[in-house]
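In what follows, a structure is listed as structure tokens, so that the remarks can point back to it.
The values are calculated or read from the model by the stated rules, or taken from the named source; none is laboratory data. Keep in mind that what you see is a predicted model, and the values were worked out from it rather than measured. Cβ coordinates were reconstructed from backbone atoms using ideal geometry, including for glycine residues, and neighbour counts include every protein chain displayed.
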Amino acid sequence: MKTNVLVAEIGSTTTVVNAFDGVNGTCPKFLGQGQAPTSVLEGDVNIGLKGAIDDLKRNLNVEEIEYDELIATSSAAGGLRMTVHGLVYDMTVRAAKEAALGAGANIKQITSGRLRRTDIKKLQEINPNIILIAGGVDYGERDTAIENAEKIADLDLDVPVIYAGNIENQEEIKLIFENTKSKLYIVDNVYPKIDQLNIEPTRRVIQDVFEEHIIHAPGMTKVREMVNGPIIPTPGAVMLASKLLREELGDLITLDVGGATTDLHSVTEGSEEISRILISPEPMAKRTVEGDLGVYVNMRNVVDRIGKDELISTLNISKEELDSLIENHKPIPSTDLERSFVEELALEAVLTAVDRHAGKLRHLYGPNGKKTVAEGKDLTNVKYIVGTGGALTRLPNRINIMKQIALSNKGNSLYPNKEAKILVDNKYIMASLGVLSKRYAEAALSLLKKSLEIQ
């Protein structure tokens, strides 16, 4: 059997391979899917890749699969581990953080101001895939970023460094890293002027650097023997797909409830009304990741948030039955009660993630009376709520879970309204289509609309 493209999603525990054909034409097709355990711990991710392709062959009932390209997303080997170092937390640091998260990074350290000895020690322990240095608006403060760069250069780490700060420092930064092991990338300032974000150039470079250096991660050294196209972080691929879909449909959010984390991607400029009273700027494309909200690895955190008494009442079960559900919790539920339990976990994860992501209205009181201001991301213009990931593509009540977002608004939160339409990534291929869009944007959009059942 011959096909155009295989897309591998190399996760921390499972590797999934999706097959697509006709990506150069007007009728691209999703052919099928295979999966196998990820083999990072065995020192060679290709073992899991080959296993997933073998599973795909069985599912398609073919003996061999020939393909032109194999491209990939990856969250294996810890995903894209980054540290971010800026000047003022609410300005350059936040801008750099938004760029890193939007690219799909797993941020392990954020610092503002001059790096301390404890910061340096933690940075060495983290051993990140990429270090991002920012600081100072263009032609503004220079010394902090230079001092931080010198301290990081003195470590002589074999880690790529991206500089996205005051453009006056660029030549100085080049000299600082000239004779170090760190490969340096110079990017436009993420915060060139007060209240102006410029995160897209940095976001793109982060993904390019990840692709160049991921092959050095444990277990990934042989990945280029099989993968002959782009490799980007899985959350970054979901963001790419979300941005592609927004161009076609309008403002949207994408929710991905996983076993360990819950990601929320919003692609919206918000309303003009809210933008006029916004305290500080927000990026059009924003990602937040909630590391404490998951329906498997972090299940107990979510149970604690809901409360055992509430779960007993909602599920209409005894304390012993709930304790049994918790003790014997599986990655994939198999009974009606297990599915209902996971639905309650997913609902709590969704509502909490949206509440943390969305902005709020605040009332300030002064000599001239009450003044209303907005802080955070405005989701009121969102027209579509998209569900991807295992929970929101497979649970029976997935649509109702997402409908609860608008209903849960307490009045001062900048949530999507009740008119927002619910879409489900039924084929669970959104991340694959995000990386596919880097080369075949029209095909990726067509396949995504089919998975979402958009005519």
Matching residues in the stretch 390-448 - criterion: being acidic (D, E) and buried (at least 23 other Cβ atoms within 10 Å of the Cβ):
D425
Can you tell me which of (1) free of Cβ contacts under 8 Å to residues at least 12 places away in the same chain; (2) not in a loop (DSSP other than H, G, I, E, B) is the one G236 doesn't meet?
(1)
How about the stretch 10-43: which of its residues are among the charged types (D, E, K, R) and under 24 Å from E63 (Cβ atoms)?
D21, K29
It is to be established whether one or more residues within the stretch 37-45 are at pLDDT below 95 and either in contact with an Asp or Glu (Cβ under 8 Å, 6 or more places away or on another chain) or at positive phi (or both).
yes
So which of L245, L255, L264 ends up being assigned by TED's automatic domain parsing to the domain that holds G390 and touching a His at 6+ places or on another chain (Cβ under 6 Å)?
L264
Lone unmet requirement of (1) within 18 Å of the chain's Cα centre (by Cα); (2) buried (at least 21 other Cβ atoms within 10 Å of the Cβ); (3) not in a loop (DSSP other than H, G, I, E, B) for R81
(2)
Name, by its number, the condition in (1) out of contact with any Pro (no Cβ under 6 Å at 6 or more places or on another chain); (2) at pLDDT 95 or above that does not hold for N127.
(2)
Take the conditions at pLDDT below 95, surrounded by fewer than 24 Cβ atoms within 10 Å (Cβ to Cβ), under 30 Å from G22 (Cβ atoms) and in the same structural domain as E248 (by TED's automatic domain parsing) and apply them to G369. Does it pass?
no
So the helices (runs of 4 or more DSSP H) completely within the stretch 294-363 holding 2 or more residues that are touching a Pro at 6+ places or on another chain (Cβ under 8 Å) and closer than 20 Å to N400 by Cα are 336-357
Give A391, A374 a once-over and let me know the one that is of a type outside the set (K, R), part of a helix (DSSP H, G or I) and touching a strand residue (DSSP E or B) at 6+ places or on another chain (Cβ under 6 Å).
A391
(1) within 22 Å of the chain's Cα centre (by Cα); (2) crowded, with 18+ Cβ neighbours inside 10 Å; (3) aliphatic (A, V, I, L, M) all hold for I274 apart from (1)
I'm told R394 meets every condition in (1) modelled with pLDDT of 95 or more; (2) basic (K, R); (3) more than 25 Å from S280 (Cβ to Cβ) except one. Can you identify the failing condition by its number?
(1)
Exactly one condition in (1) closer than 24 Å to R142 by Cα; (2) touching a residue at least 40 places away in the same chain (Cβ under 8 Å) is not met by V223; state its number.
(1)
Criterion first (under 22 Å from G291 (Cβ atoms) and modelled with pLDDT of 95 or more) does I146 satisfy it?
no
Quick one: in the stretch 281-300, which of the residues that are small (G, A, S) and modelled with pLDDT of 90 or more is nearest to L252 (Cα to Cα)?
A285
